[in-house]
1. Between a first residue in the stretch 104-121 that is on the phi > 0 side of the Ramachandran plot and a second residue that is among the β-branched types (Val, Ile, Thr), which pairs have beta carbons less than 9 Å apart while being 6 or more apart in sequence or on different chains?
2. Which of the residues belonging to the stretch 379-402 are under 22 Å from residue 39 (Cβ atoms), among the small types (Gly, Ala, Ser) and in contact (Cβ under 8 Å) with a residue 24 or more places away in the chain?
3. Within the stretch 364-379, is there a residue that is assigned to a strand (DSSP E or B), of a type outside the set (D, E, K, R) and under 14 Å from the mean Cα position of the chain (by Cα)?
4. Pick from 178, 170, 220, 225: which is open to solvent by 40 Å² or more (accessible area, probe 1.4 Å) and modelled with pLDDT under 95?
5. Within the stretch 202-217, take every residue that is surrounded by 12 or more Cβ atoms within 10 Å (Cβ to Cβ) and of a type in the set (Lys, Arg) and give me the one that is modelled with the highest pLDDT.
6. Tally the residues that are open to solvent by 30 Å² or more (accessible area, probe 1.4 Å), among the hydrophobic types (A, V, I, L, M, F, W, C) and in a loop (DSSP other than H, G, I, E, B), restricting the search to the stretch 21-52.
7. Kindly indicate the residue of the stretch 255-268 that is closer than 12 Å to residue 177 by Cβ and within 21 Å of the chain's Cα centre (by Cα) and also most open to solvent (accessible area, probe 1.4 Å) among those meeting that condition.
8. Please list, ordered by first then second residue, the pairs with beta carbon atoms under 8 Å, 6 or more apart or interchain, first in the stretch 51-63 and among the basic types (Lys, Arg), second assigned to a helix (DSSP H, G or I).
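The values are calculated or read from the model by the stated rules, or taken from the named source; none is laboratory data. All of these numbers come straight from a predicted model, not from anything done at the bench. Don't worry about glycine lacking a Cβ; one is built from the backbone with ideal geometry, like all the others, and counts go over all protein chains shown. Accessible surface is based on the protein model in full, side chains and every heavy atom, while ligands, DNA and RNA are left aside. Shrake-Rupley method; radii C 1.70, N 1.55, O 1.52, S 1.80 Å.
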Amino acid sequence: MGRQDRQDRQDGPGRAYDIVLFGATGFVGRLTAEYLAAHAPADCRWAIAGRSTAKLERLREELTAIDPDCAGLPIVRADVDDPDSLRELALSTRVVATTVGPYILYGQELVAACAEAGTDYADLSGEPEFADLMYLKHDARARETGARLVHACGFDSVPHDLGVYFTVGRLPKGVPLRVDGYVRTHAMFSGGTFASALTAMSRGRRAAATAKARRLNEPRLVGRRARAPLGAVRHASEVGAWAVPLPTVDPQVVRRSAAALDRYGPDFRYRHYAAVKWLPVAAGGIAAVGAVYALAQLPAGRRWLSDRIRPGEGPGEERREDSWFTVRFVGEGGGRRVFTEVSGGDPGYGETAKMLAESALCLAFDELPATAGQVTTAVAMGDALLERLRAAGMRFRVVAER
């Protein structure tokens with residue numbers, strides 16, 4: 001589907017904007033706005049949106065230091081508590097990119113508005129319950145209107161989803177494939193990320209019920225299989241580290257890409273790990289996550305944890321510049337074995353802002369597969385987004401092949 005076809009579907013010439021960034025004055029929103037100011041093409045009609053016009057005006061002034069043309073950057077006032085404003089926002093643009101979370105608390109009405117308006121949507125949600133609930137509520141309508149609802153367009157889950165996609169492309173076709181991903185990071189998280197994690201931890205039963213409802217409603221694969229089992233703690237000699245299973249949204253996203261794309265073969269399996277050099281460090285990390293999870297079940301515990309780092313707070317520029325991530329993939333199938341790697345800088349903020357912005361630009365301007373409904377980054381954007389991110393400085397490379 002070409003750009004003109006997509007514009008016709010969305011009444012592109014009649015819509016004021018190509019991209020609207022919602023939540024632009026938050027911590028990651030501001031970084032995303034700065035990225036767009038520096039990298040959006042000259043013909044990109046974009047705007048910043050949020051509930052505070054005064055904060056948006058201050059941000060616009062700051063963006064003029066990056067691009068003087070931002071002095072005329074449009075401002076859209078929209079509030080998660082005002083569904084009418086979200087519907088107007090969705091109808092004004094071809095793509096909405098949003099940083100406003102926790103998404104299960106603040107994101108549902110915007111997804112509904114985009115699904116109804118036929119507007120492409122991208123977010124940073126790493127919340128499995130939110131993705132499952134939005135699938136149940138809005139996938140069918142988005143398929144009817146042509147909207148692409150793409151969750152997890154940041155560190156959750158672009159490096160992992162596109163990293164597996166990249167790895168699978170270097171393995172034989174039509175055979176069972178096995179891929180393991182090993183994540184290393186050196187970074188800090190923000191108050192917004194921590195708030196989303198605490199919210200997800202506190203909603204375990206509701207999340208499980210929603211996941212079950214989704215499984216009952218999703219079409220079943222016929223003649224193929226795509227799995228993402230949790231795995232167990234083990235020493236992974238292929239990366240020289242202890243592999244600790246990560247029960248994040250990432251393997252679920254990869255499994256959905258594998259289910260949608262025949263290139264992943266007749267029987268696909270993905271396992272997702274943190275790579276930790278020393279076993280005591282791995283054990284300490286597991287214990288710490290367990291303690292946070294236990295505290296998150298109690299209102300008083302959540303309040304205490306939330307006070308440690310509040311939404312809107314995050315690491316400073318110097319700390320972010322010292323941050324990095326690598327994800328090493330080991331793929332096997334048809335008698336071949338390939339080692340690949342995705343790597344970049346600050347995963348939670350600088351690179352996440354880059355991934356969200358490039359996802360929005362990709363949806364707005366690139367030649368993409370004809371898809372609609374709730375789709376993953378690999379299914380919706382695939383090679384186009386991978387090449388965008390490479391051009392923007394993220395590394396996708398083959399380490400070794402056997």
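1. Correct list of pairs: 118/145.
2. 380, 382, 392, 393
3. Yes: the stretch 364-379 contains one or more residues that are assigned to a strand (DSSP E or B), of a type outside the set (D, E, K, R) and under 14 Å from the mean Cα position of the chain (by Cα).
4. Going through 178, 170, 220, 225 in turn, the sole match is 220.
5. 214
6. Qualifying residue count, the stretch 21-52: 1.
7. Taking the candidates together, the pick is 261.
8. Short answer, once both residue conditions are applied: 60/70; 60/71.
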